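**Student:** Here's a structure for you.
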Amino acid sequence: MRLSCYIYKEGRDFAFTPALRKLRFHPSFLAMEDEEKTLHPHPEIFVETLDPQAAHLFLFPLDIGVAVDFGLAGEIEQILASLPYLSGREERHLVSDMADRLESVSLGVCLFKVSVTEDSGMENRVVIMGYPTPPHSGRSPPEIWVLTF
């Protein structure tokens, strides 16, 4: 059973600061772009809902790692903290972070530290989400789960 997921949209649910707008964000590994370059929750994992009240999970659509790597973790955390459906649902919010730094947000969101590597002769790797959401959140040191895709 795929869970219903509400994906936040820039301009509708959040807005970037001028410093963040200059960065090139990549989609979260839990999202996919359609032909019009619109992001949607990954269709093999989620069923997208446009009704936040019906959502099991909430997805921030962009990987926050570029903001962390450029020293703008505080600014991206402020944007995450202002998401309209965060309050009281923090553990149902999915955020991915491919940053090299081990810094993370202090919010209680489900933060996926993603590691894409070719070290030790391994293929590319990426974290895959499980549900219920794992115990790791922004309140504890990042944990890096590595699974082959």
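One line per residue, one yes/no per condition, for (1) within 13 Å of PHE29 (Cβ to Cβ); (2) β-branched (Val, Ile, Thr); (3) outside any helix (DSSP H, G or I); (4) at pLDDT below 55:
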position: GLU103; (1), (2), (3), (4): no, no, yes, no
position: THR117; (1), (2), (3), (4): no, yes, yes, yes
position: SER120; (1), (2), (3), (4): no, no, no, yes
position: PRO134; (1), (2), (3), (4): no, no, yes, yes
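**Student:** Identify, from the list LEU20, LEU72, LEU50, LEU30, the residue that is of a type in the set (A, V, I, L, M), at pLDDT 90 or above and under 18 Å from SER4 (Cα atoms).
**Tutor:** Exactly one residue qualifies, and that residue is LEU50.
**Student:** Of the conditions (1) at pLDDT below 90; (2) open to solvent by less than 50 Å² (accessible area, probe 1.4 Å), PHE149 satisfies every one except a single condition; which number is it?
**Tutor:** Tallying (1) at pLDDT below 90; (2) open to solvent by less than 50 Å² (accessible area, probe 1.4 Å), PHE149 fails exactly one: (2).
The values are calculated or read from the model by the stated rules, or taken from the named source; none is laboratory data. None of these values were measured; they are calculated from a predicted model. Note that each Cβ is placed from the backbone with ideal geometry, even for glycine, and that neighbours are counted across all protein chains shown. Accessible surface areas use protein heavy atoms only, side chains included; no ligands, DNA or RNA. Shrake-Rupley method; radii C 1.70, N 1.55, O 1.52, S 1.80 Å.
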